[in-house]
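Comments concern the structure below.
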Amino acid sequence: MAVMLKIVRQGEPAFDQTLRALETRGDEDLTAVEPAVRAILDDVRARGDAAVLDACERFEKRRPSPLLKLVDGEPALHRLPREARAALELSARRIREFHEHQRDAGFRYRDGGAVLGTRVRPMKRAGVYAPGGKARYPSSVLMAAIPARVAGVRDVIVATPLAGDDSDDMILAAAHLAGVTRIVDAGGAQAIGAMAYGTASIPRVDVIVGPGNIYVACAKRLVSGLVKIDGIAGPSEILVVADRTADARVVAADLLSQAEHDEDAYPLLVTDDAALAEAVCREVEAQLATLPRHAIARASVERQGKALVVDGRAAMAEVADRVAAEHLALHVVDPDVLLDAIDAAGAAFIGASTPEAVGDYVAGPSHVLPTGGAVRFGSPLGVYDFVTRTSIVRYDETTLAAQADAICTFARLEGLEAHARAVEARTKR
């Protein structure tokens, strides 16, 4: 069965409708699953470990024992084939090196008789969710846990349902390389609840990061505020921006690299060359035929795949900014110039020699990225997600006296007399 990206041209009535739909793709309605997720969370909060185990038995068809396990990943690392072990070690090293550059020492400065600044401290405990089942990604363990360790978090816990066989080795090896301390042997909303509330065996964390299914996304949203979360992850997405110089074969390969993630992924193209759009459609069709995950990739292309044909570079930049894609790939002349015109992108892959896959595995920046247009206000996961900041304020008597009138005036403008008197008690007014 032939599959082609749906081509939509600027100026056609369908173009604006398509673009508006893409802009709101992140408005995922979690209300359908919220009652079930809320019931699981309430049960975990009330009954702790027993509720987590009951949920595992119900949804995962197993009853793990113990729920919280120490990471003993070094034997798993050495059981891996040499090529796999080398790939994980390369990835871990490069992720760590990149995130070392994100360290923030805070700052202090003197302003007359005042000392002002920001103190930065790591959180004490971080929770990383790693999906189980058909989507087991050791790369995501590395990409989420290593920034936490670089930030200085001492206790990094990964929640993932273990299979209890050799298939766990990649996850355990990644956990070992990332410096993970313990594993919660559970998935789903019950794992999120356990880390957010704490149980007899599972300690409460300060932050929960990592992608999951709609139940995990809903659970993270419901516990947000009790713990920090990185965001609500939706389907993976890529927007390839390409001009007439692009290689249709390479563009199609980039689109399919996201389409094979799951049936709801977004493989998107924007180009100012209609002939290229047609060529990419043919290449997608040809390459799909030989993909091992062709059924998943085919469904993604059929449901979400779009090729937007626009009038010129300015329009390409405008569309890219409105789509605000998780992954942005630039196959154009002067890609850096075009990137300067695009504000919203999670990770930018610049030039034809930079496939998105390098970002997934070995480039260094975390591949845990905002989806659904959330890059308009969100950022890639980083060291800054695992620290807290404290404002430092220290006045001497002379500086307080010099600013006392302004402070007291402000306080009384807002009807807060005790604020003013707290100043006056020190300045002997």
**Report entry** Only listed residue being touching a residue at least 40 places away in the same chain (Cβ under 8 Å), under 17 Å from VAL158 (Cβ atoms) and either over 17 Å from the mean Cα position of the chain (by Cα) or not assigned by TED's automatic domain parsing to the domain that holds HIS331 (or both), chosen from ALA200, ALA219, ALA242
**Finding:** ALA219
Report task. From LEU308, LEU256, LEU291, LEU226, grab the single residue that is in contact (Cβ under 8 Å) with a residue 60 or more places away in the chain and under 27 Å from the mean Cα position of the chain (by Cα). Result -> LEU308
Report summary line: Over the stretch 17-44, the set of residues aliphatic (A, V, I, L, M) and in a loop (DSSP other than H, G, I, E, B) is LEU30, ALA32, VAL33
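Conditions (1) on the phi > 0 side of the Ramachandran plot; (2) surrounded by 24 or more Cβ atoms within 10 Å (Cβ to Cβ), marked per residue:
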position: GLY179; (1), (2): yes, no
position: THR199; (1), (2): no, no
position: VAL205; (1), (2): no, yes
position: PRO211; (1), (2): no, yes
position: ALA219; (1), (2): no, yes
position: LEU222; (1), (2): no, no
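Listed here are the residues, each with its yes/no results for (1) among the basic types (Lys, Arg); (2) assigned to a loop (DSSP other than H, G, I, E, B); (3) touching a residue at least 40 places away in the same chain (Cβ under 8 Å).
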site	(1), (2), (3)
ALA46	no, no, no
VAL52	no, no, yes
CYS56	no, no, yes
PRO66	no, yes, yes
Report summary line: Over the stretch 79-96, the set of residues more than 19 Å from the chain's Cα centre (by Cα) and surrounded by 12 or more Cβ atoms within 10 Å (Cβ to Cβ) is ARG79, LEU80, ALA84, ARG85, ALA87, LEU88, GLU89, LEU90, ARG93
Report task. Give the residue that is farthest from GLU74 (Cα to Cα), with candidates limited to residues of the stretch 165-188 that are touching a residue at least 12 places away in the same chain (Cβ under 8 Å) and part of a loop (DSSP other than H, G, I, E, B). Result -> GLY187
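Based on what the data block shows, is ARG125 basic (Lys, Arg), modelled with pLDDT of 95 or more and buried (at least 18 other Cβ atoms within 10 Å of the Cβ)?
yes
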Report summary line: Residues of the stretch 100-156 being assigned to a loop (DSSP other than H, G, I, E, B), out of contact with any helix residue (DSSP H, G or I) (no Cβ under 6 Å at 6 or more places or on another chain) and either outside the structural domain of SER167 (by TED's automatic domain parsing) or among the aliphatic types (A, V, I, L, M) (or both), in sequence order, are ALA105, ALA135
Query raised in the report: Within the stretch 267-294, can you find the residues that are buried (at least 20 other Cβ atoms within 10 Å of the Cβ) and either farther than 29 Å from LEU338 by Cα or hydrophobic (A, V, I, L, M, F, W, C) (or both)?
Result: LEU268, LEU269, VAL270, LEU276, ALA277, VAL280, CYS281, VAL284, LEU288
Report task. Give me a count of the residues in the stretch 1-16 that are in a helix (DSSP H, G or I) and not hydrophobic (A, V, I, L, M, F, W, C). Result -> 2
Requested in this report: Just give me the residues in the stretch 394-429 being out of contact with any helix residue (DSSP H, G or I) (no Cβ under 6 Å at 6 or more places or on another chain), surrounded by 15 or more Cβ atoms within 10 Å (Cβ to Cβ) and β-branched (Val, Ile, Thr), in sequence order.
Outcome: THR399
**Report entry** Residue list for the stretch 60-73, restricted to those being touching a helix residue (DSSP H, G or I) at 6+ places or on another chain (Cβ under 7 Å) and farther than 18 Å from ASP155 by Cα
**Finding:** ARG62, ARG63, PRO64
Query raised in the report: Given the structure, is LEU80 in contact with a Ser or Thr (Cβ under 6 Å, 6 or more places away or on another chain) and touching a residue at least 12 places away in the same chain (Cβ under 8 Å)?
Result: no
Requested in this report: Output the helices (runs of 4 or more DSSP H) that fall wholly within the stretch 189-303 and possess 1 or more residues being of a type in the set (Ser, Thr, Tyr), or say none.
Outcome: 214-223, 248-259
**Report entry** Unmet requirement for THR390, which otherwise passes all of (1) in contact with a Leu (Cβ under 8 Å, 6 or more places away or on another chain); (2) surrounded by fewer than 15 Cβ atoms within 10 Å (Cβ to Cβ); (3) touching a residue at least 40 places away in the same chain (Cβ under 8 Å); (4) not hydrophobic (A, V, I, L, M, F, W, C)
**Finding:** (1)
Query raised in the report: Which condition number does ALA145 fail, the rest of (1) surrounded by fewer than 24 Cβ atoms within 10 Å (Cβ to Cβ); (2) at pLDDT 95 or above; (3) under 23 Å from SER236 (Cβ atoms); (4) of a type in the set (Gly, Ala, Ser) being met?
Result: (1)
Report task. Could you tell me which numbered condition VAL8 fails, if it satisfies all but one of (1) modelled with pLDDT of 95 or more; (2) more than 24 Å from VAL184 (Cα to Cα); (3) out of contact with any Phe, Trp or Tyr (no Cβ under 6 Å at 6 or more places or on another chain)? Result -> (3)
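The values are calculated or read from the model by the stated rules, or taken from the named source; none is laboratory data. It should be emphasised that the depicted structure is a prediction, and the values quoted were computed from it without experimental measurement. Positions of Cβ are generated from backbone atoms using ideal geometry, with glycine treated the same way; all protein chains shown enter the neighbour counts.
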